[in-house]
Amino acid sequence: MKDLPIKVALVGNPNTGKTSLFNQLTGLKQQVGNYPGITVERKVGSCNLPQNQKATILDLPGTYSLNANSLDENLVIELLLNKNDKDYPDVVIVVTEVENLKRNLFLFTQIKDLEIPTILVINMADQMELKGISLDIPTLEETLKTKIALVSSRKATGITELKNLIVDYKNLSTEACLNASEIDSDYFDNLRRIYPNQQLYKLWLVISQDVNFGDLTKNIIQNNSFSKSDEELKKLQHKETVKRYQFINDLLKIGKKVDVSKAKDLRSKLDKILTHKVGGYVIFFAVLFLIFQSVFEWSSVPMEFIDQSFASLSSWVSEHLPAGKLNDLVSQGIIPGISGVLIFIPQIAFLFLFISLLEESGYMSRVVFLMDKTMRRFGLSGKSVVPLISGTACAIPAIMATRNIENWKERLITILVTPFTTCAARIPVYTILISIIIPDQKVLGIFNLQGLTLMLLYALGFFMAVISAMILNKILQLKSKSFFVIEMPNYKIPYYKNVGLNVIEKTKAFVFGAGKIIISLSIILWFMASYGPTDNFANAEEIITSQPQNQLLEEEDLNDKIASYKLENSYIGIIGKSIEPIIKPLGYDWKIGIGIVASFAAREVFVGTMATIYSVGSHGEEENTIKEKMRNEVNSITGKPIYTFASGISLLLFYAFAMQCMSTLAVVKKETNSWKWPMIQLFVMSGFAYLVAFIAFQLLD
């Protein structure tokens with residue numbers, strides 16, 4: 001009796017050379033049509049094998065995994081689960097590409113769990129020498145429990161060896177290469193007990209895909225006491241993904257080596273330049289400088305526009321709504337709150353535009369490779385560099401940029417230390433304090449002492465971020481494996497649609513995630529600054545206008561004086577006064593206390609608060625006036641200046657280390673899905689800031 005053709009299914013990620021291999025196996029003897037009832041292309045061909053055997057090769061649509069997201073992927077799953085299908089394969093060939101094994105092997109490990117004889121084809125083997133790649137085939141075969149064919153579908157090498165493996169498919173192991181049921185042993189034990197005759201991973205796919213296959217449906221399987229909610233199933237699916245990638249990472253650390261120094265192709269030559277131990281850093285920091293400048297400069301115009309637009313809207317509402325509490329709430333609370341959210345959109349959009357371009361072009365992987373060794377010493381990842389540098393513009397988009405870090409512990413550490421880097425909001429505070437306490441003079445004939453102080457504060461912020469990361473790496477007892485297996489994608493021109501969608505998604509995540517928290521806190525702070533519990537607040541106007549020294553003031557100066565008095569007697573003013581005993585050892589008075597309390601909304605609020613307290617808010621040359629007022633401020637008891645070198649340095653250090661930005665806290669809450677980490681960040685950073693400021697003042701005073 002003549003042997004029936006062996007039914008072979010070709011499976012693999014898109015762009016792995018699967019179709020080229022199909023053409024090599026079938027010699028272009030193929031039929032092209034659609035699957036019954038659907039418009040997905042179906043290619044079938046015949047193949048002559050050794051020992052006079054024949055095979056029918058079915059080229060299935062490209063898929064990244066057995067977690068179906070499309071009609072193509074669904075079709076692959078349906079075939080591999082249904083043994084009654086006439087096309088159900090005797091053997092599956094999973095086609096991978098030598099440079100992208102990490103991603104490609106994910107699908108392979110899933111198919112192995114279905115206990116189907118499976119051959120692993122590693123395509124583009126002819127590129128291995130050019131790219132300096134070497135594979136430990138015996139180790140890979142033993143760990144993956146399969147046979148491997150090294151193939152070049154482009155040069156038609158390895159095809160004979162592959163055909164021999166197909167003929168010998170009955171000797172392939174059908175054992176899974178990892179135990180996916182460990183993600184929840186009790187749940188899978190129950191499945192095994194209820195359905196002893198069903199293949200376990202098939203049951204799991206039926207449940208987790210929410211798709212019915214034949215008589216076995218999700219509803220039937222889930223109709224048990226141990227059934228799980230959709231949310232719990234998604235968490236398990238996520239754990240499965242992590243487990244598979246951990247397995248693949250462990251395997252590739254041993255089974256795949258890349259020696260860049262031996263690579264010879266154009267891409268490798270570019271890699272040698274971009275990952276050079278000296279030149280690579282120079283290029284990277286030049287790129288970062290360009291990004292930082294662009295984010296900072298380009299976003300200033302739309303940010304100014306948003307700021308001015310909302311200021312105008314606030315004024316318009318204030319003038320046209322009937323005077324009263326509703327007017328104040330809308331014009332001074334809600335509108336500024338919304339403005340405080342939307343004003344960050346340009347920075348976030350520009351930053352993610354550049355990050356997306358770097359990722360799409362393939363350069364980001366080179367940066368990660370370059371920086372990983374250095375950053376890992378401090379418990380960070382190579383990918384932490386972008387958030388840390390971006391933090392010098394604004395911590396909010398910087399923390400959102402940590403989403404590129406897969407390892408949770410490294411990502412959390414990056415989120416926690418990024419606010420130490422000197423953001424743009426600190427600059428107004430730094431410049432005004434430096435101008436008061438640091439003399440405007442030259443050092444060594446060329447350097448400005450004030451400029452050097454500002455640069456020192458920037459360096460101090462980055463230094464603290466790195467040191468904090470190293471400490472957190474020792475303290476945090478989080479179970480999180482760290483790997484360094486990275487695939488270098490080919491260089492390519494970024495696809496504008498992917499870039500655009502990424503920018504829109506990240507921006508929406510900020511506006512709708514952190515935005516509601518920022519607006520809520522803005523309204524609370526507005527209430528605390530706009531209301532007070534005593535008669536002094538309610539009768540501020542009468543009290544100020546009745547004082548003899550104010551009788552001759554201009555209307556503008558009088559209004560500033562009233563605003564200052566009201567702020568002093570508001571809830572936030574009372575808090576500022578009540579903390580005076582605590583901040584006095586740092587060299588501060590109650591007025592600075594109000595500024596510090598208000599700054600927990602945002603650091604730059606300090607300058608505006610000082611302007612209000614010193615009654616200069618309406619003046620045109622506001623900054624200079626504030627400086628003079630602050631410089632001339634004296635302690636009413638001692639008669640000595642408030643802003644001395646000691647208190648000024650103390651205040652600079654407090655602002656360098658304290659966590660004073662509710663928008664950042666809101667984003668940290670959003671990214672960690674918990675208030676635990678932002679609260680730890682708030683108290684630890686601010687406590688440390690207090691301690692450093694205290695020591696500085698006591699030593700310098």
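The values are calculated or read from the model by the stated rules, or taken from the named source; none is laboratory data. Just so it is clear, the model here is predicted, and its values are computed rather than measured. Positions of Cβ are backbone-derived with ideal geometry, glycine not excepted, and every protein chain shown enters the neighbour counts. In case anyone asks, the SASA skips ligands and DNA or RNA and just uses the protein heavy atoms, side chains included. Shrake-Rupley method; radii C 1.70, N 1.55, O 1.52, S 1.80 Å.
Within the range 10-29, can one find any residue that is in contact with a helix residue (DSSP H, G or I) (Cβ under 6 Å, 6 or more places away or on another chain), part of a loop (DSSP other than H, G, I, E, B) and modelled with pLDDT of 90 or more?
No, the range 10-29 has no match at all.
Having 3 or more residues that are open to solvent by less than 40 Å² (accessible area, probe 1.4 Å) is the bar; report the helices (runs of 4 or more DSSP H) wholly within the range 540-589 that clear it. Walk me through it before giving the result.
On the way: elements: 540-546, 555-568, 571-578, 580-583.
Helices (runs of 4 or more DSSP H) meeting the threshold: 555-568, 571-578.
Scan the helices (runs of 4 or more DSSP H) fully inside the range 387-445 and keep the ones with 3 or more residues being in contact (Cβ under 8 Å) with a residue 12 or more places away in the chain, over 20 Å from Met685 (Cβ atoms) and open to solvent by 20 Å² or more (accessible area, probe 1.4 Å).
By residue number, 426-437.
Of the residues Ser361, Ser331, which is open to solvent by less than 60 Å² (accessible area, probe 1.4 Å) and within 30 Å of Ala125 (Cα to Cα)?
Ser361
Please name all residue pairs, on different chains or six or more residues apart, with Cβ atoms under 7 Å, provided the first residue is in the range 74-86 and is more than 15 Å from Gln199 (Cα to Cα) and the second residue is among the β-branched types (Val, Ile, Thr) and open to solvent by 10 Å² or more (accessible area, probe 1.4 Å).
From residues that are more than 15 Å from Gln199 (Cα to Cα), the pairs are Asn74/Val211; Leu75/Val40.
Ile355: in a helix (DSSP H, G or I) and under 18 Å from the mean Cα position of the chain (by Cα), yes or no?
yes
Can you tell me which of (1) at pLDDT 85 or above; (2) crowded, with 18+ Cβ neighbours inside 10 Å is the one Ser312 doesn't meet?
Failed condition: (2).
List the helices (runs of 4 or more DSSP H) inside the range 76-167, counting only whole elements, that have at least 2 residues being among the hydroxyl-bearing types (Ser, Thr, Tyr) and open to solvent by 10 Å² or more (accessible area, probe 1.4 Å).
The qualifying helices (runs of 4 or more DSSP H) are 137-144.
So Phe378 passes all but one of these: (1) closer than 29 Å to Ser300 by Cα; (2) part of a loop (DSSP other than H, G, I, E, B). Which condition number does it fail?
Unmet condition: (1).
Across the range 285-306, which residue is farthest from the chain's Cα centre (by Cα) among those that are modelled with pLDDT under 80 and open to solvent by 70 Å² or more (accessible area, probe 1.4 Å)?
This residue is Glu297.
Is it the case that the range 229-247 has a residue that's aliphatic (A, V, I, L, M), open to solvent by less than 50 Å² (accessible area, probe 1.4 Å), modelled with pLDDT under 80 and out of contact with any Cys (no Cβ under 7 Å at 6 or more places or on another chain)?
Scanning the range 229-247 turns up no residue that is aliphatic (A, V, I, L, M), open to solvent by less than 50 Å² (accessible area, probe 1.4 Å), modelled with pLDDT under 80 and out of contact with any Cys (no Cβ under 7 Å at 6 or more places or on another chain).
Please tell me if Ala459 is under 21 Å from Ile680 (Cβ atoms), part of a helix (DSSP H, G or I) and of a type in the set (A, V, I, L, M, F, W, C).
no
List pairs: first residue in the range 533-545 and under 9 Å from Tyr565 (Cα atoms), second residue part of a helix (DSSP H, G or I) and open to solvent by 70 Å² or more (accessible area, probe 1.4 Å) anywhere in the structure, Cβ distance under 8 angstrom, at least six positions apart or on different chains.
The qualifying pairs are Phe537/Lys566; Ala540/Lys566; Ile544/Lys561.
The rows are residues; the columns are (1) at pLDDT 95 or above; (2) of a type outside the set (Asp, Glu).
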position	(1), (2)
Thr664	no, yes
Val667	no, yes
Glu671	no, no
Pro678	no, yes
Phe683	no, yes
Leu691	yes, yes
Gln698	no, yes
Asp701	no, no
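Using beta carbons and a limit of 9 Å, which pairs, at least six apart or on different chains, have the first residue in the range 48-68 and among the aromatic types (Phe, Trp, Tyr) and assigned to a strand (DSSP E or B) and the second one open to solvent by 10 Å² or more (accessible area, probe 1.4 Å) and modelled with pLDDT of 90 or more?
none
Considering only the range 511-534, I want to know if a residue exists there that is surrounded by 18 or more Cβ atoms within 10 Å (Cβ to Cβ) and modelled with pLDDT of 85 or more.
yes
Determine the pairs where a residue that is more than 10 Å from Ser650 (Cα to Cα), located within the range 678-701, has a partner that is open to solvent by 80 Å² or more (accessible area, probe 1.4 Å) with Cβ atoms under 8 Å apart, the partner being 6 or more residues away or on another chain.
The qualifying pairs do not exist here.
Within the range 601-656, which residues are surrounded by fewer than 18 Cβ atoms within 10 Å (Cβ to Cβ), at pLDDT 85 or above and within 41 Å of the chain's Cα centre (by Cα)?
Phe645, Ala646
Contact list please: Cβ distance under 6 Å, first residue in the range 459-473 and closer than 14 Å to Thr418 by Cβ, second residue open to solvent by 40 Å² or more (accessible area, probe 1.4 Å), pairs at least six apart or on different chains.
Listed pairs, sorted by first residue: Val466/Phe378; Ala469/Phe378.
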